[in-house]
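Engineer: Once you've had a glance at the structure underneath, I'll fire off some questions.
Read the figures in this text as sums done on the coordinates, not as results from a lab. On a predicted model such as this, the values are computed, not experimentally measured, just so you know. Neighbour counts run over all protein chains shown; Cβ positions are idealised from the backbone, glycine included.
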Amino acid sequence: MMGASGEDNFLSLAGRLARLDRQITTREREEFLRLSAEKTINTVVNELLNAHQPDKIEEKARLEFRIPEDKSPAKYQLRQAQYALIRQAASTFTGKLKKYIDNAQKVHEQIIDTVNID
């Protein structure tokens, strides 16, 4: 997951997880919690979105570097804060969780056949 930490990748994954959250059963949601170190799908989606959200990055930089409100974080502080948010979001995705998400998406996938007339 760390290799795919670009904003488009994170937004796409967040969207897919949000859609999956609306489709899965209570039992599947419990399995997701178990495989994600007790993080809900909503928590994971928020972490993915926050990793590229300027206000959250600045908030993280202010906390980590103890920057007062009347000062602006330096670019390197913002980069380090964003990297920390990216690492946090990506750390959830173990091999078992990725496989589980792939399988859950396949189970709940709706295929619309526009070629064959029934």
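Engineer: Within segment 55-75, count every residue that is assigned to a loop (DSSP other than H, G, I, E, B), surrounded by 17 or more Cβ atoms within 10 Å (Cβ to Cβ) and of a type in the set (Asp, Glu).
Structural biologist: Adding up the residues that qualify gives 0.
Engineer: So, one more: Within segment 6-42, count every residue that is without any contact (Cβ under 8 Å) to a residue 40 or more places away in the chain and not small (Gly, Ala, Ser). Step through it out loud before you land on a result.
Structural biologist: First, pick out the residues of segment 6-42 that are without any contact (Cβ under 8 Å) to a residue 40 or more places away in the chain: 6, 8-9, 12-15, 18-19, 21-22, 25-27, 29-30, 33-34, 38, 40-42.
The next check asks that each one be not small (Gly, Ala, Ser); those that pass are 8-9, 13, 19, 21-22, 25-27, 29-30, 33-34, 38, 40-42.
Counting residues in segment 6-42 that are without any contact (Cβ under 8 Å) to a residue 40 or more places away in the chain and not small (Gly, Ala, Ser) gives 17.
Engineer: Of all residues in segment 66-103, which are under 15 Å from Glu31 (Cβ atoms) and of a type in the set (D, E, K, R)?
Structural biologist: Of everything in segment 66-103, those that are under 15 Å from Glu31 (Cβ atoms) and of a type in the set (D, E, K, R) turn out to be Lys96, Lys98, Lys99, Asp102.
Engineer: Of all the residues that make up segment 36-62, how many are under 17 Å from Ala74 (Cα atoms) and of a type in the set (A, V, I, L, M)?
Structural biologist: Of the residues in that region, 2 qualify.
Engineer: Any chance you could count how many residues in segment 22-38 are of a type outside the set (Ser, Thr, Tyr), assigned to a loop (DSSP other than H, G, I, E, B), buried (at least 16 other Cβ atoms within 10 Å of the Cβ) and out of contact with any His (no Cβ under 8 Å at 6 or more places or on another chain)?
Structural biologist: 0
Engineer: For the list (1) in a helix (DSSP H, G or I); (2) small (Gly, Ala, Ser); (3) more than 13 Å from the chain's Cα centre (by Cα), I need the number of the one condition that Gly15 fails.
Structural biologist: Going through the list (1) in a helix (DSSP H, G or I); (2) small (Gly, Ala, Ser); (3) more than 13 Å from the chain's Cα centre (by Cα), Gly15 breaks only (3).
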